[in-house]
Amino acid sequence: MAKLQESCNILYHWEKDVGLPREEFLSMGKGIEGLFCTLTDKINSEFLDKAESLKVISTMSVGFDHIDLPECTKRNIKVGNTPGVLTESTADHVLAILLATARRLPEASMAVKEGKWPSSWIPLWMCGKDVHGSTVGIIGMGRIGLAVAKRLTGFGCRILYTGNKEKPNDVGAKFVSMDELLKESDFVVPLCPLNKSTEKLINRDAFKKMKNDAILINVSRGAVVDQEALLDALKNGEIGACGLDVTVPEPLPVDHLLLDPSLADKVVIIPHIASATTATRTAMSVIAADNLIKALNNQPMI
């Protein structure tokens, strides 16, 4: 904020740690030339119609599925994001949620807190799934996908990946078809952006092709997964478990069926915090501010 205040006249600044009401957000469009936003701010024609002076949108995120890019292009509005800066932190988080889901760590921790730690040693109590030596399928071998693959080599994992095309890599990852990835993987990890071609990419057909004990790990966007199909796949034993950092909607209602206690041994849900380290979030905010200032001064954004 200090960086923006040095270079810009701040007309509106939402400082509360709660979501900005839509009506109030829409009213903020009047008279602004630049917008610093986050992924929960939906930028569509409804907002743009009110922001007639808008020249630049800078989002503090890598993804920009919350922004209507064709509409911005039509109106000659520049759009910037924060790529690259959160790659390593997000890759760390993928490993964290993968391990936590595979080894049932949230469930085990809750058992301790609820006084359910058995007084005698039970050989199969809280047994999970090995990560070392497993096959991990990555859907979308971009920066984050490659960073995840590099980390998994330390676990001796076999890495499969799929996407638009084969990409050179130094981790021994094998390019395969989507069908082969789903059939062969012990862990399926979509790391693709959300767009029309990836919405509900992991659907009923996909779950039927996966191993019965496979684990889905999603830190991309909630809508990449068909959640109704996921729920059925978990209940019917078509897959083993899932670890989700993203959902539809966000936040997920506490009475959502994915949070049903009967699925506690199969579902780990984290509140969209893959980039949530102090250093990374600070860097994201600085880049987003720099992008806004540069674009307003007719300089290229990062």
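The values are calculated or read from the model by the stated rules, or taken from the named source; none is laboratory data. Note that this is a predicted model, so its numbers are computed, not measured. Neighbour counts are summed over all protein chains in view; Cβ atoms, including those assigned to glycine, are modelled from backbone coordinates with ideal geometry.
Scanning region 138-187 for residues that are among the aliphatic types (A, V, I, L, M), surrounded by fewer than 21 Cβ atoms within 10 Å (Cβ to Cβ) and closer than 19 Å to Lys211 by Cβ yields Val176, Met178. Among the helices (runs of 4 or more DSSP H) confined to region 201-302, the ones with at least 1 residues that are of a type outside the set (Val, Ile, Thr) and assigned by TED's automatic domain parsing to the domain that holds Leu35 are located at 278-296. Condition (residue is touching a Ser or Thr at 6+ places or on another chain (Cβ under 7 Å), buried (at least 24 other Cβ atoms within 10 Å of the Cβ), more than 11 Å from Ile139 (Cα to Cα) and of a type in the set (Gly, Ala, Ser)) applied to region 199-211: is it met by at least one residue? Scanning region 199-211, I find no residue that is touching a Ser or Thr at 6+ places or on another chain (Cβ under 7 Å), buried (at least 24 other Cβ atoms within 10 Å of the Cβ), more than 11 Å from Ile139 (Cα to Cα) and of a type in the set (Gly, Ala, Ser), so the answer is no. The listed residues are Asp265, Asp232, and the only one of them that is surrounded by fewer than 18 Cβ atoms within 10 Å (Cβ to Cβ), over 27 Å from Met141 (Cα atoms) and free of Cβ contacts under 8 Å to residues at least 60 places away in the same chain turns out to be Asp232.
Taking residues in region 286-299 that are without any contact (Cβ under 8 Å) to a residue 40 or more places away in the chain, and partners anywhere that are of a type in the set (S, T, N, Q) and surrounded by 19 or more Cβ atoms within 10 Å (Cβ to Cβ), not one pair has Cβ atoms closer than 9 Å while being at least 6 places apart or on different chains.
Elements of the type helices (runs of 4 or more DSSP H) sitting completely within region 10-121 and holding at least 2 residues that are aliphatic (A, V, I, L, M), modelled with pLDDT of 95 or more and buried (at least 17 other Cβ atoms within 10 Å of the Cβ): these cover 87-102.
Taking the conditions exactly as written (surrounded by 16 or more Cβ atoms within 10 Å (Cβ to Cβ), small (Gly, Ala, Ser), over 23 Å from the mean Cα position of the chain (by Cα) and modelled with pLDDT of 95 or more), does Gly128 satisfy them or not? Outline the logic, then answer.
Details: surrounded by 16 or more Cβ atoms within 10 Å (Cβ to Cβ): yes; small (Gly, Ala, Ser): yes; over 23 Å from the mean Cα position of the chain (by Cα): yes; modelled with pLDDT of 95 or more: yes.
Yes: the conditions hold for Gly128.
Beta carbons closer than 8 Å, at least 6 apart along the sequence or on distinct chains, pair a first residue in region 95-121 that is in contact (Cβ under 8 Å) with a residue 12 or more places away in the chain with a second that is among the acidic types (Asp, Glu) for Ile97/Asp245; Ala102/Asp130; Arg104/Asp265; Glu107/Asp265.
Entry remark, region 6-40: residues being under 19 Å from Asp290 (Cβ atoms) and either out of contact with any helix residue (DSSP H, G or I) (no Cβ under 8 Å at 6 or more places or on another chain) or of a type outside the set (Ser, Thr, Tyr) (or both) number 13 in total.
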